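This report refers to the structure that appears directly beneath it.
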Amino acid sequence: MPETSQTVSVPVPAPDLIRQQPVKVSRLAQTFKEIKRNKHYYILMSPYMIIFTLFTIIPVVFSICLSFFYFNMLEFPRFVGWDNYSRLFLNDDVFMVALRNTFMFAVITGPISYLACFLFAWIINELSPKIRAIMTLIFYAPSISGNVYFIWLIVFSGDRYGYLNGFLIKFGFILEPIQWLTNEQYILTIVIIVQLWLSLGTSFLAFIAGLQTIDRSLVEAGTVDGIRNRWQELWFITLPSMRPQLLFGAVLQITASFAVADVSIALAGFPSVNYAAHTIVTHLMDYGTIRFEMGYASAIATVLFLIMVGANKLTQKLLRKVGE
């Protein structure tokens with residue numbers, strides 16, 4: 001009999017069975033694995049992180065918790081819930097004046113000083129290295145000067161020997177000297193002017209450093225792609241290339257504009273006339289270092305902290321749109 005061929009069917013495993021199922025690793029395990037892989041970096045960062053945690057994170061958390069207590073530094077803290085916050089916004093008229101003054105400071109000095117820092121840095125960066133170094137020192141010097149307030153006290157002195165009064169009387173603009181620093185009509189404007197003059201500090205240096213690190217090949221590539229003037233180069237190349245410095249400068253300027261205190265105290269006194277130059281920080285100093293109402297002072301600090309965080313988040317959103 002002739003042999004008949006028979007087909008033998010071999011079972012083929014399903015495609016899903018051939019593929020090896022991925023092993024699920026928990027997020028915590030991935031974190032520990034990442035830390036182990038980069039342990040040297042974490043060891044180098046650890047001194048700063050320990051100091052930052054001890055002297056920044058823990059005090060902030062402790063202050064937020066303390067804002068729900070009554071604490072006068074003598075008696076044991078007593079829980080009062082939201083009483084400190086209700087008193088702050090409903091019964092403290094001076095705080096509302098300080099809040100208005102602080103927002104006025106922030107809205108005026110924050111953007112103007114930020115733009116001025118970048119504008120002067122951009123202009124000075126175009127100079128030769130020697131002239132750039134000299135101009136950088138000249139612009140940065142006011143922010144590190146120790147007797148800077150003494151100079152402005154002479155300028156705005158309320159007698160005829162004050163520089164501003166002497167100038168105005170000499171040229172016939174006024175007949176009698178004006179009490180610049182004791183007249184609530186002028187105090188806030190003067191403090192804002194001095195704060196703007198002091199604003200060319202660390203942000204200015206950060207912008208100078210950022211402009212120095214821009215890759216010149218990007219400028220050449222932009223010229224090929226159709227960039228025809230310096231303004232287009234600024235918007236599409238310079239600003240996107242220095243986003244970290246822009247963000248760093250924004251954080252510093254926001255913090256400085258909301259934390260105005262030294263200028264106000266040095267020029268207008270503590271407290272100023274009719275609280276004309278009173279800010280949230282001076283209000284915090286009043287209750288924290290003079291009246292020793294630490295729970296209420298912590299509530300003021302918490303409100304200021306939340307305002308700063310919100311302003312920083314808004315600034316980050318705006319800076320992300322640069323160059324789009």
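The values are calculated or read from the model by the stated rules, or taken from the named source; none is laboratory data. All values reported here derive from a predicted model rather than from experimental measurement. Reconstructed Cβ throughout: ideal geometry from the backbone, glycine too, with neighbour counts over all protein chains shown.
Quick look at the values:
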quantity: Helices (runs of 4 or more DSSP H) contained in the range 202-298 and holding at least 1 residues under 30 Å from Arg87 (Cα atoms); calculated: 243-258, 262-268, 280-285
quantity: Condition check for Phe105: within 19 Å of Ser272 (Cα to Cα), touching a Phe, Trp or Tyr at 6+ places or on another chain (Cβ under 8 Å), modelled with pLDDT under 90 and surrounded by 16 or more Cβ atoms within 10 Å (Cβ to Cβ); calculated: yes
quantity: In the range 182-199, the residues that are part of a loop (DSSP other than H, G, I, E, B) and crowded, with 22+ Cβ neighbours inside 10 Å; calculated: Ser199
quantity: Any hit, the range 245-263, residues being surrounded by 12 or more Cβ atoms within 10 Å (Cβ to Cβ), on the phi < 0 side of the Ramachandran plot and in contact with a Lys or Arg (Cβ under 7 Å, 6 or more places away or on another chain); calculated: no
quantity: Where a residue in the range 226-243 is under 15 Å from Ile214 (Cβ atoms) and its partner, wherever it lies, is in a loop (DSSP other than H, G, I, E, B) and at pLDDT 80 or above, with Cβ under 9 Å and at least six apart; calculated: Ile237/Ile214; Thr238/Ile214; Ser241/Thr213; Ser241/Ile214; Met242/Thr213; Met242/Ile214
quantity: Unmet requirement for Met242, which otherwise passes all of (1) in contact with a Gly (Cβ under 7 Å, 6 or more places away or on another chain); (2) more than 27 Å from Asn312 (Cβ to Cβ); (3) hydrophobic (A, V, I, L, M, F, W, C); calculated: (2)
quantity: Residue in the range 108-161 that is modelled with the lowest pLDDT, counting only those that are farther than 14 Å from Ala209 by Cα and among the basic types (Lys, Arg); calculated: Arg160
quantity: Helices (runs of 4 or more DSSP H) contained entirely in the range 1-70, each with at least 1 residues that are over 30 Å from Tyr287 (Cα atoms) and at pLDDT 85 or above; calculated: 27-37, 39-52
